[in-house]
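A.B. asks: Here it is: the structure, laid out below.
The values are calculated or read from the model by the stated rules, or taken from the named source; none is laboratory data. All values reported here derive from a predicted model rather than from experimental measurement. All Cβ positions, glycine included, derive from the backbone under ideal geometry; neighbour counts span all protein chains shown. The area values use the complete protein model at the heavy-atom level, side chains included, leaving out ligands, DNA and RNA. Shrake-Rupley method; radii C 1.70, N 1.55, O 1.52, S 1.80 Å.
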Amino acid sequence: MSTSDRRAFLKTLAVASLATAASTRRVLGANDRVRVGFIGIGLIGKRHLLDFQTQPDCEIAGISEVSDERMDEGVTASGNNPARFPDFRRMLDRPDIDAIVVSTPDHWHALMTILACAAGKDVYVEKPLTHACREGEWMLEAANAHKRVVQVGTQQRSGRHYQRARSLVRDGHIGDVRGASIGAFRNITPGFTKPVGSPLSAAQWDMWLGPAPSVPFDPARGLYHFRWFNDYSGGQTTNLLAHEIDIVQWATGEVPARVAAFAQRRSLTGFGETPDVLDAIFDYPTFLASWSSREVAAGGKGGLEIYGTKGTLSINRRGFEITPDKALTPESQIPRFTQPQAEPGAVSYRTETVKDEGYDQVRDQFQPHVRNFLDAVKSRQQPVSDLASAHQTSLACHLANVAGRLGRVVNWDATRNAIAGDPDANALLTKTYRAPWDRELAAVVTVTRG
């Protein structure tokens, strides 16, 4: 069978599967229980399982895991003996499951979301949304074609204090936004040397790899430590920056026009290949933002700050504070070395101090994010972390990694949806799936490589 014939055959299968799913799909009312299946019961997957359990209109209907140990943990934590699915595709075949939670390594996020949408399931997918930028376009195609609700796991958007801070920024409380800084610093030298969890079997390893390139079984790559390998993740830039730059772009409504970044790996001798130091600058239409990641030196102030012409917003998952700038004249700020500095007199400020604290990550962000998703499943409205804006968040992270790998500025052409004048950089925005997963993808969406 030729490639074109095979593609036509797979498209026919996809249409038939969609028609079957549509004919059996439950139409949920406001008081109906949402039956949810979970793919991945690791660090964040277990957290999601517990948070969905707190919702009275949610039923844990299935668990999919390649790790026997984590499968058992998920089923036990569910408390209602949900169905087990070593192959997540069998979960998608179940017409009585309404929604899927994807908490797998990053290289699986896009494909699982796309296949779930085609199977008529709504999706809550963890961040980072994608492993390669073009995957976001494929996800949008699938979600729109099959009219699915997709919530992305940037849970800070559901926090009341994040929503309040966003309103203050958009209302001009800190003035015109002219800068933002994001940092994450720790010291893990000499690097990770021990695998996490029980070893997988050969068959489990092949499923864990999925669309990623085939490599011999390596327990160091699996489970938590996948984050340090380029085949499965984008390091701390897609892991941690995604949360904070999402807030920056959510508050300002802007995406970067160009990104410069430099990255090194010099001190870590454990397994992995992602940078141990990376610094990036994002040039937005009306402001600059910076991202600094260090895995080998813990000093410095991390977190997120947004700088305006009237003051600074400092925000984290516990709360925020707006610190106003003093209303000093330019002349009064000229240094004086031969005469006393002029006293400013009564000090006035360019805006008002605002402080909002006392928040808890699980109670005030994770659980409301789950509630927002379940409400969207029933109402068919867009969730707070919608797919389109999450794709823009991932784009910024991917541009930083591309710039860091190439060691040069990359210019984003939004009209062409590409990096301008740089074929090598554009090549890093996409990826090729390993067989048979390439065929699974092509059966649902139009795969573009440019």
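A.B. asks: Among what's in the range 404-427 and is in a loop (DSSP other than H, G, I, E, B), open to solvent by less than 60 Å² (accessible area, probe 1.4 Å) and without any contact (Cβ under 8 Å) to a residue 60 or more places away in the chain, pick the residue that is farthest from Ala145 (Cα to Cα).
C.D. replies: Asp422
A.B. asks: Tell me the residue from Arg227, Arg186 that is touching a residue at least 12 places away in the same chain (Cβ under 8 Å), out of contact with any strand residue (DSSP E or B) (no Cβ under 7 Å at 6 or more places or on another chain) and surrounded by 14 or more Cβ atoms within 10 Å (Cβ to Cβ), please.
C.D. replies: Arg227
A.B. asks: Name the pairs whose Cβ atoms lie under 6 Å apart, with the first residue in the range 429-450 and farther than 18 Å from Ile419 by Cα, the second of a type in the set (Asp, Glu) and open to solvent by 50 Å² or more (accessible area, probe 1.4 Å), and 6 or more positions between them or separate chains?
C.D. replies: Taking only residues 6 or more apart or on different chains, the pairs are Val445/Glu141.
A.B. asks: Is the range 130-152 home to any residue that is modelled with pLDDT of 95 or more, polar (S, T, N, Q) and touching a Pro at 6+ places or on another chain (Cβ under 7 Å)?
C.D. replies: yes
A.B. asks: Specify the residue that is surrounded by the most Cβ atoms within 10 Å (Cβ to Cβ); the eligible residues are those in the range 394-403 that are closer than 16 Å to His109 by Cβ and touching a strand residue (DSSP E or B) at 6+ places or on another chain (Cβ under 8 Å).
C.D. replies: Once the filter is applied, the top-ranked residue is Asn401.
A.B. asks: Okay, moving on. Given (1) in a helix (DSSP H, G or I); (2) small (Gly, Ala, Ser); (3) more than 21 Å from Lys46 (Cα to Cα), where does Ala242 come up short, assuming only one miss?
C.D. replies: That leaves (3) as the condition not met.
A.B. asks: For the range 275-286, which positions are surrounded by fewer than 19 Cβ atoms within 10 Å (Cβ to Cβ) and either assigned to a loop (DSSP other than H, G, I, E, B) or touching a residue at least 60 places away in the same chain (Cβ under 8 Å) (or both)?
C.D. replies: Pro285, Thr286
A.B. asks: Looking at Leu387 and the list (1) among the hydrophobic types (A, V, I, L, M, F, W, C); (2) crowded, with 24+ Cβ neighbours inside 10 Å; (3) free of Cβ contacts under 8 Å to residues at least 40 places away in the same chain, which single condition is not satisfied?
C.D. replies: Looking at each condition in turn, Leu387 falls short on (3).
Residue-wise test of (1) open to solvent by 70 Å² or more (accessible area, probe 1.4 Å); (2) basic (Lys, Arg).
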{"residue": "Arg266", "(1), (2)": "yes, yes"}
{"residue": "Val296", "(1), (2)": "no, no"}
{"residue": "Gly303", "(1), (2)": "no, no"}
{"residue": "Gly308", "(1), (2)": "no, no"}
{"residue": "Thr312", "(1), (2)": "no, no"}
{"residue": "Ile315", "(1), (2)": "no, no"}
{"residue": "Thr338", "(1), (2)": "yes, no"}
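A.B. asks: Tell me, which residue of the range 181-196 that is among the hydroxyl-bearing types (Ser, Thr, Tyr) and in a loop (DSSP other than H, G, I, E, B) is nearest to Met71 (Cα to Cα)?
C.D. replies: Filtering first and then ranking leaves Thr193.
A.B. asks: Separate question: Somewhere in the range 255-268, is a residue more than 22 Å from Ala132 (Cβ to Cβ), polar (S, T, N, Q) and assigned to a loop (DSSP other than H, G, I, E, B)?
C.D. replies: Checked the range 255-268: at least one residue is more than 22 Å from Ala132 (Cβ to Cβ), polar (S, T, N, Q) and assigned to a loop (DSSP other than H, G, I, E, B).
A.B. asks: Restricting attention to the range 232-246, which residues are touching a Lys or Arg at 6+ places or on another chain (Cβ under 8 Å) and open to solvent by 10 Å² or more (accessible area, probe 1.4 Å)?
C.D. replies: Gln236, Asn239, His243
A.B. asks: Return the total of residues in the range 137-150 being under 14 Å from His107 (Cβ atoms) and either of a type in the set (D, E, K, R) or surrounded by 24 or more Cβ atoms within 10 Å (Cβ to Cβ) (or both).
C.D. replies: Final tally of qualifying residues: 1.
A.B. asks: Could I ask something else about it? Out of the range 33-46, which residues are open to solvent by less than 70 Å² (accessible area, probe 1.4 Å) and either touching a helix residue (DSSP H, G or I) at 6+ places or on another chain (Cβ under 7 Å) or among the polar types (S, T, N, Q) (or both)?
C.D. replies: Val34, Val36, Gly37, Phe38, Ile39, Ile41, Gly42
A.B. asks: Select from the range 197-215 the residues that are in a loop (DSSP other than H, G, I, E, B), farther than 14 Å from Tyr232 by Cβ and free of Cβ contacts under 8 Å to residues at least 60 places away in the same chain and list them in ascending order.
C.D. replies: Answer for the range 197-215, where residues must be in a loop (DSSP other than H, G, I, E, B), farther than 14 Å from Tyr232 by Cβ and free of Cβ contacts under 8 Å to residues at least 60 places away in the same chain: Pro199, Ser201.
A.B. asks: When the range 428-450 is examined, which residues are found to be open to solvent by less than 20 Å² (accessible area, probe 1.4 Å) and not aliphatic (A, V, I, L, M)?
C.D. replies: Scanning the range 428-450 gives Tyr433, Trp437.
A.B. asks: Which of the residues belonging to the range 39-83 are closer than 22 Å to Leu200 by Cα and part of a strand (DSSP E or B)?
C.D. replies: The answer is Ile39, Gly62, Ile63, Ser64, Ala83.
A.B. asks: I've got another one for you. Out of the range 69-88, which residues are of a type outside the set (A, V, I, L, M), on the phi < 0 side of the Ramachandran plot and either without any contact (Cβ under 8 Å) to a residue 60 or more places away in the chain or surrounded by 18 or more Cβ atoms within 10 Å (Cβ to Cβ) (or both)?
C.D. replies: Arg70, Asp72, Glu73, Gly74, Thr76, Ser78, Asn80, Pro82, Arg84, Phe85, Phe88
A.B. asks: Scanning the range 197-216 for residues that are closer than 12 Å to Val66 by Cβ and touching a helix residue (DSSP H, G or I) at 6+ places or on another chain (Cβ under 7 Å), which turns out least open to solvent (accessible area, probe 1.4 Å)?
C.D. replies: Gly210
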